[in-house]
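Comments concern the structure below.
The values are calculated or read from the model by the stated rules, or taken from the named source; none is laboratory data. All of these numbers come straight from a predicted model, not from anything done at the bench. Counting neighbours? That spans all protein chains shown, and the Cβs are built from the backbone with ideal geometry, glycine included. Accessible surface is based on the protein model in full, side chains and every heavy atom, while ligands, DNA and RNA are left aside. Shrake-Rupley method; radii C 1.70, N 1.55, O 1.52, S 1.80 Å.
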Amino acid sequence: MSTCPESGEQDRSRRALVVVDTQNDFCEGGSLAVAGGLAVAARVKELLGTDHGYDLVVATRDHHIDPGSHFSSHPDYVDSWPPHCVAGTEGAELAPPLAVDDFDAVFDKGEYAAAYSGFEGHDAEGTGLGAWLGAHGVGQVDLCGIATDYCVRATALDAAAAGLSPVVLVGLTAAVAPERVGDTLDAWRSGGVTVREG
Ligand SMILES: [Zn+2]
């Protein structure tokens, strides 16, 4: 019996790389800059230029229109943040040298509420990340991007819950609070996420 990913049969033999929220506002010079963000963008671009072995490469983007209390003029940097990644602005674009053309699909999230996980995102046709990966026969994902302790953390945990055996390439991430990354590593270990230096 042949299997075809597009037909809905369950061929899940493909692997994908999910590049989380590597956007201008999360990099040096952005409104919510994470130290090391630009270096992550450069190293991911370098990886994409190699014979990396991924069948598919996708990106997620924070993409806010009116996300309510996610934005604050007095942010606590835990649950509320300075305005960032506003849809249609340069801050929401992928950080150079990364560009939309580097990816098989891009998933936007957080239009009207905080959305830390890329699995809350959708592509231009409205297809969610999980459904898209399934339709494309993906059974395993690696993850990288920004920020280790927020959106990479949440996306990786959702990938584990979806049975995608996630591996975080932690050397290709940057954290808001590097001194507290241990908490994220613990959450990943107990949540079924593998960590590799990458
Ligand atoms: Zn946000």
Q. Which values of log₁₀ I(q)/I(0), to two decimal places, follow from the Debye formula for region 10-143 at q = 0.10 Å⁻¹ with a uniform point scatterer at every Cα?
A. -0.33
Q: Heavy atoms only, probe 1.4 Å: what % of the accessible area of region 67-153 goes to carbon and sulfur, would you let me know?
A: 54 percent
Q: Can you tell me which of 67-79, 153-165 comes out highest on packing, and rank the rest after it, using the mean Cβ neighbours within 10 Å?
A: 153-165, 67-79
Q) On average, how much accessible surface per residue is there in the chain, in Å², for a 1.4 Å probe, leaving out ligands, DNA and RNA? A) 44 Å²
**Q.** Ellipticity estimate at 222 nm from DSSP helix runs (n ≥ 4, -39,500 (n - 2.57)) divided over the chain, nearest 500
**A.** -5500 deg cm²/dmol
(Q) So, R0 is 25 Å and r is the distance between the beta-carbons of SER69 and ARG189; what FRET efficiency does that work out to, to 0.05? (A) 0.25
Q: Would you mind working out the magnitude of the charge dipole of region 27-184 relative to its Cα centre, with +1 at each Lys and Arg C-beta and -1 at each Asp and Glu C-beta, to the nearest 20 Debye?
A: 280 debye
Q: Take each complete run of DSSP H in the chain, measure how far its Cα atoms stretch along the helix's own axis, and keep only those covering 27 Å or more with mean Kyte-Doolittle hydropathy at least 0.5; list them.
A: none
Q.
Please give the charge dipole size of region 93-198, origin at the Cα centre, charges +1 on K and R Cβ atoms and -1 on D and E Cβ atoms. Round to the nearest 20 debye.
A. 420 debye
Q | Accessible area of TYR112 in the full protein assembly, 1.4 Å probe (Å², nearest 10) | A | 150 Å²
Q. Among VAL152, TYR112, VAL195, which residue has its Cα positioned farthest towards the positive end of the charge dipole of the chain, with +1 placed on the Cβ of Lys and Arg, -1 on the Cβ of Asp and Glu, and the dipole taken about the Cα centre?
A. VAL195
**Q.** Shape category assigned to region 79-198 from the gyration tensor of Cα positions, a/c cut at 1.5
**A.** oblate
Q. Which one of CYS27, TYR77, GLY53 has its Cα pushed farthest toward the positive end of the charge dipole of region 1-90, where Lys and Arg give +1 and Asp and Glu give -1 at the Cβ?
A. GLY53
Q: Could you please state, rounded to a whole Å, how far the C-alpha centre of region 9-45 is from the C-alpha centre of region 75-114?
A: 10 Å
